[in-house]
Amino acid sequence: MAENAAALYHKQTKYHPATIGQGHSIDWQNPPSQFKEYAGAERIDLRPFLPTTENENWQAEAVLRDPNGPFALPVLSRILFATNGVTAIAVGGEQQMFFRAAPSAGALYPTDLYVLVRDHADIPDGVYYFHVRDHALIEVYPKGLGPGGDQMFERLARACFNDPVVAQASVAVVATAVYWRSAWRYGERAYRRCLLDTGHVLGNFDVIAPRMGVGLTAIGGFVDDEVAELLAIPFEKEGILGVFPLYDLAKFSDIKAGPSARSCGDDDGRVEKDAILTVHNAGAIRRGQIAEAGNVGSEPFLVNPKYEFAEGVKLKPATDVSDQIEIAILRRRSTRQLTGRALTVAELSDVLAFSYRPDLKQGPEFLPRYFDTGLLETFVVVNNVEGLAAGVYYFAPGFMELLKVRTGDVRRETYHLCLGQELARDAAAVIIHTADLEAATKRYGSRSYRYLHLDAGHIGERMNVAAIKLGLGVSGIGGFFDDEVNELLAIPERELCVYITCLGKAAE
Ligand SMILES: Cc1cc2nc3c(=O)[nH]c(=O)nc-3n(C[C@H](O)[C@H](O)[C@H](O)COP(=O)(O)O)c2cc1C
């Protein structure tokens, strides 16, 4: 069988010790712009609705019970800020660098958010671009005038296979990635980072929205060009990655969410002008290409039978990190230096529990909305965790158990495979997400590549905020020697490394 586009792209964009650094040169004179400007467009300033200090209660009664409804401006402003807003500014000479609530590989921020609105007390019906630096909604076009005409939501619902939540929504968020922002630095491998970065943004969104009384569902199966047309964005430069209709969380029990993931069917073998477009378009769903109702359904985290009977260590979470987690989002930064000092098993357990087994005390409406975590597997490399032998473990989320793959100090291998980044050497634990790409593409075609990386980024963000809440150090790692990860974990080639997160004690 010919290799599908996802497998080919993955192979093509592997890092190898002998060839890394070849093939792509960075045009330092022409860095990409991180924002889109819509000159002269109407804008809604969201800044006046932000709390001015961290101590102000984000979930104040007055905000949550706004007479203008669950999506009133103070609520939307806070949700968008905690999802992707500017939480730090670095100044160097005349330059300003904006750092955001969500991390991004190389701080290049390919992810953009759009908001569709109808019947809102303060926002005229229309399609809006969330301008991160200005913290404003910029009108892309008002109802009736742009490609959505008078039927924006009807068209969005149709593009999402008549998803019932979209059909009823009055606010919907769409996440996209502008490839060039990341490709400028990372070349063809940037698509992986675009997806992972967007997963991190979704991680914040998914945490903050329900805490502000707003529910969301995640839709990964939509007709790509129909949604791109609705947003008036160029299909060859910017990919739609997810559609997220909002609803009043008080109505949670009435919500019948449609499927979060759909297949795109078989590849048509089309080759586009670059590798990113080829893999993204191979994963696109086209009108009429697949049966409207078929090929759907996702699974919870599964356990690979290969490890089922391995010797295990039960993890016991000690702290519920979800209380006031929004403060951790606002304070989050990627740790630049770890110390090598030990984590406790409880700290590791708390981080993993928040990411994989959120406390049901808060109710099912607070469970993360992943696309299909049944496709992902998790390994934990233990460098220095009190009470755990150093080595490689397989993590079984359903049982909160670490199953032993092999013991022994593998710090040197881990350091090397993370491109010699000291973070990996000095981490107490290195969490590695993998997936069986063949199984994933059987289920969803090349579109699975999106779900795998978006979900891994989403889990990565939950690990980030949990770590920050516990006072730990954390950083994502998007650059690694792919084949060496397989060697370390003793997994076959068809299984691939999706993402790595380093966890440990931060240097002062
Ligand atoms: C997908 C992804 C990959 C990343 N890869 C690395 C990496 O390989 N090495 C590293 O030091 N930081 C990495 N980072 C962290 C970014 O450098 C960091 O998010 C960015 O500089 C913005 O800073 P902040 O996270 O403190 O806001 C990664 C982050 C993401 C989301």
Any hit, the range 401-410, residues being among the small types (Gly, Ala, Ser) and exposed (fewer than 14 other Cβ atoms within 10 Å of the Cβ): yes
Any strands (runs of 3 or more DSSP E) falling wholly within the range 1-101 and containing at least 3 residues that are more than 22 Å from the chain's Cα centre (by Cα) and at pLDDT 90 or above: 43-45, 86-92
Lone unmet requirement of (1) more than 22 Å from the chain's Cα centre (by Cα); (2) buried (at least 23 other Cβ atoms within 10 Å of the Cβ); (3) more than 16 Å from the ligand (Cβ to nearest atom) for Tyr444: (1)
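Residue by residue, here is whether (1) more than 21 Å from the chain's Cα centre (by Cα); (2) under 21 Å from Gly220 (Cβ atoms) holds:
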| site | (1), (2) |
| --- | --- |
| Val243 | no, yes |
| Lys273 | yes, no |
| Ile276 | no, yes |
| Glu299 | no, yes |
| Glu308 | yes, no |
| Thr319 | yes, no |
| Ser322 | no, no |
| Ile325 | no, no |
Filter result for Ala490 (among the small types (Gly, Ala, Ser) and closer than 20 Å to His10 by Cβ): yes
Single condition Thr217 does not satisfy, out of (1) under 25 Å from Leu375 (Cα atoms); (2) surrounded by 24 or more Cβ atoms within 10 Å (Cβ to Cβ): (2)
Identity of the residue in the range 71-88, over 28 Å from Arg192 (Cβ atoms) and of a type outside the set (Phe, Trp, Tyr), that ends up farthest from the ligand (Cβ to nearest atom): Ala72
Qualifying residues in the range 420-441 (those that are buried (at least 23 other Cβ atoms within 10 Å of the Cβ) and over 23 Å from the mean Cα position of the chain (by Cα)) - the one nearest to the ligand (Cβ to nearest atom): Asp426
Candidate set from the range 390-419 (those that are part of a helix (DSSP H, G or I) and within 16 Å of Leu352 (Cβ to Cβ)); member that is farthest from the ligand (Cβ to nearest atom): Phe399
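The values are calculated or read from the model by the stated rules, or taken from the named source; none is laboratory data. Values in this document were obtained by computation on a predicted structure and should not be read as measured data. Reconstructed Cβ throughout: ideal geometry from the backbone, glycine too, with neighbour counts over all protein chains shown.
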